[in-house]
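The values are calculated or read from the model by the stated rules, or taken from the named source; none is laboratory data. Treat the numbers as computed from the prediction; the structure is a model and nothing was measured. As a convention, Cβ positions derive from the backbone with ideal geometry for all residues, glycine included, and neighbour counts pool all protein chains shown. Only protein heavy atoms, including side chains, enter the accessible area calculation; ligands, DNA and RNA are left aside. Shrake-Rupley method; radii C 1.70, N 1.55, O 1.52, S 1.80 Å.
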Amino acid sequence: MSFPNEIHGTNNVTIALGEVYWFQLDISDEDHFLYLNKETAHYIIQRLNAIPHHVVQANAEEVYPLLKNAVHLVQLGEDPHMIAAYLQLFLYLVISFSHKEQFRLTPDIGKTLNYILDNITSDITLEKLAAIANLSCSQYKQKFKKQMGISPRRFVNQQKIEYAKLLLQESKSVTDIAMLLGFTTSSYFSTVFKKHTLCTPMEYVKSLQNDTVN
């Protein structure tokens, strides 16, 4: 799952073959959330926002029929209240399964996370991270994504961009930041920055200036 205002995707990697259900929830208006009363809507939205990670391990036999039936009813143009009822049950199950999980990073993945955060200005390669975890590159990528919900490269870039935001707030130049964070060129840095934030570094600086004025 992805949270509000969070950039997400498959990082240009084709997803595995299978049956995929995707939907987006508008949680901005608790008065009109899946036809629920405001108190119940507020409860579900709070619990969803409190889920601490992107991947929730659930029982497919329980959750799959709910999504399948909801999508089928949409295709048939059936009563939206019934469709919402299936989605409500699905969300309750997601919340329940998220709290049953024993979500812990294994020591090898945890060690690489510490390395990333301690060396964010370095050129952090997949080979280096895999070696720290004592795994092959393919094993490391698979294990990292299973535990973190995103690929190692995407996580590294996310952390670099978050650090870049702090440097931009300190009026550092785009070129200096790109070189400091190990990007080959400032244009490549700007491309990665926009991919993660939906704006260029200079647009981000301008938004900060506008916020200050307002």
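The set of residues in segment 78-105 that are open to solvent by 60 Å² or more (accessible area, probe 1.4 Å) and either outside any helix (DSSP H, G or I) or within 28 Å of Phe155 (Cα to Cα) (or both) comprises Glu78, Asp79, His99, Lys100, Gln102, Phe103, Arg104, Leu105.
When the residues of segment 106-120 are filtered to those that are among the polar types (S, T, N, Q) and not in a loop (DSSP other than H, G, I, E, B), the one that is modelled with the highest pLDDT is Thr112.
Scanning segment 106-120 for residues that are within 18 Å of Lys160 (Cα to Cα), open to solvent by 60 Å² or more (accessible area, probe 1.4 Å) and either touching an Asp or Glu at 6+ places or on another chain (Cβ under 6 Å) or without any contact (Cβ under 8 Å) to a residue 12 or more places away in the chain (or both) yields Asn114, Asp118. Within segment 148-164, the set of residues being among the small types (Gly, Ala, Ser) and farther than 22 Å from Pro107 by Cβ comprises just one member, Ala164. Filter segment 66-77 for residues that are free of Cβ contacts under 8 Å to residues at least 40 places away in the same chain and either surrounded by 14 or more Cβ atoms within 10 Å (Cβ to Cβ) or charged (D, E, K, R) (or both) and give the result. Listed by number, the residues that qualify are Leu66, Asn69, Ala70, Leu73. In the condition set (1) part of a helix (DSSP H, G or I); (2) exposed (fewer than 15 other Cβ atoms within 10 Å of the Cβ); (3) in contact (Cβ under 8 Å) with a residue 24 or more places away in the chain, Asp123 is compliant with all but (1). Looking at the structure I just gave you, is Lys68 closer than 20 Å to Leu25 by Cα and basic (Lys, Arg)? In short, yes.
For segment 176-199, enumerate the residues that are exposed (fewer than 15 other Cβ atoms within 10 Å of the Cβ), free of Cβ contacts under 8 Å to residues at least 12 places away in the same chain and either part of a loop (DSSP other than H, G, I, E, B) or of a type outside the set (Asp, Glu) (or both). Outline the logic, then answer.
If we filter segment 176-199 for residues that are exposed (fewer than 15 other Cβ atoms within 10 Å of the Cβ), which is where we start, we get 176, 184-185, 187-188, 191, 198-199.
From the residues that got through so far, the ones that are free of Cβ contacts under 8 Å to residues at least 12 places away in the same chain too are 176, 184-185, 187-188, 191, 199.
Selection gives Thr184, Thr185, Ser187, Tyr188, Thr191, Cys199.
Restricting Gln147, Gln139 to those that are closer than 30 Å to Gln57 by Cβ, at pLDDT below 90 and polar (S, T, N, Q) reduces the list to Gln147.
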